[in-house]
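A quick write-up on the structure given underneath.
What follows draws every value from the coordinates through simple rules; no lab data is involved. Since the structure is predicted, the reported quantities are computational estimates derived from the model, not experimental observations. We place every Cβ from the backbone using ideal geometry, glycine too, and count neighbours over all the protein chains shown.
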Amino acid sequence: MVKIAVTGKGGVGKTTLSGTIARLLARDGYDVLAIDADSDMNLASSLGIAEPPLPLTNYKEMIDERAGEAGGMFKYNPKVDDITDKYGVTGPDGVKMLVMGTVERGGSGCMCPASSFLRALLRHVVLKDSSALIMDMEAGIEHLGRGTTRGIDLMIIVVEPGMRSIETASRIKDLASGIGIEHLAAVVNKGTSSDIKPKLAELGITVLGEIPFSAELMNADFEGKAPLDSGLKNIAPFVEIKDRMLGMIEGFKDEETKDEN
């Protein structure tokens, strides 16, 4: 079982990477669940799903029933094991999809049934050994502040050549460390890693690979098509990133097993 979160500043291509990696994992035999945790909710097109499911936060009565308690209290571990089947959809290559939706929070953030429900979903919804969870996060670092990414095996930061992406990666690393996410990696999009790789190395972030600028990818985005459904001729960069990602996670888990023994 692997759990992966994909993040980065807005417009760097994290949703394209999330959807494509999800489908490639499914083709490898994984039981894949892709969760759109971005308020823009564009993951469906990257997966090739024409009609995405409604956001889970639309089901207020269900969330209140599962996570709420009398007197304004809420449950920390609401029932979520049936959520994928009841509120998700299945797309090409058998990838299942859920949309989280936005949790309204006042001031510095409040605890509420909806946020408790969504955290429980991410902790417990994927349980099989052959499962993979891919979460397309909000642009930037918002979800890290909410603690919704606890239990993630690897956080992938999508970056473009330029210092703004590096600065975002640095902030993400600092916040990730604060909530117990130890393993981060980067993917360079729309350019080469020769200039940006040393900067990421200074932050202790490994580069999984790079996705060169592609007119085919750009056209697929304009047309709202999944890259794998748009006639993309060169999927090798995505395959290499997926394989390196799995190898890195396997290495982390082997080390953890050795430490336990």
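Structure summary
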quantity: Inter-label distance for Asp174 and Asp40, nm, one decimal - labels placed 7 Å from Cα along Cα-to-Cβ; calculated: 2.4 nm
quantity: Footprinting exposure proxy for Ile196, Ile179 (fewest neighbouring C-beta atoms within 10 Å first); calculated: Ile179, Ile196
quantity: FRET efficiency estimate (nearest 0.05) - Cβ-Cβ, Asp81 to Thr102, R0 22 angstrom; calculated: 0.40
quantity: DSSP bridge pairs, the chain: antiparallel proportion in percent, nearest 5; calculated: 10 percent
quantity: Of the trypsin sites (Lys or Arg not before Pro) in segment 170-240, those whose Cβ has at most 11 other Cβ within 10 Å and which sit in DSSP loop; calculated: Lys233
quantity: Within-11-Å neighbourhood charge of Lys190 [Cβ basis; K, R +1; D, E -1]; calculated: -2
quantity: Under-5 Å amide H pairs with Gly48, H placed in peptide plane, nonlocal only; calculated: Ala226
quantity: Cβ-based exposure ranking for Lys258, Lys3, in which fewest neighbours within 10 Å come first; calculated: Lys258, Lys3
quantity: Positive dipole terminus of segment 2-260, leading residue within Ile172, Asn42, Val207 (C-beta point charges); calculated: Ile172
quantity: Label-to-label distance, nm, for residues given as Met62 and Asp28 (7 Å Cα→Cβ offset); calculated: 3.0 nm
quantity: Mean separation of Cα contacts under 8 Å (6+ apart) over length of segment 120-261, as relative contact order %; calculated: 18 percent
quantity: For Ala132, distant residues with modelled amide H under 5 Å away; calculated: Val2, Asp31, Val32, Leu33
quantity: Relative contact order of the chain, defined on C-alpha pairs under 8 angstrom at six or more residues apart (%); calculated: 26 percent
quantity: FRET efficiency for Ser214 and Glu167, using Cβ-Cβ distance with R0 set to 35 Å, rounded to 0.05; calculated: 0.85
quantity: Rough spin-label spacing in nm, given labels placed 7 Å along Cα→Cβ, for Asp229 and Thr257; calculated: 3.7 nm
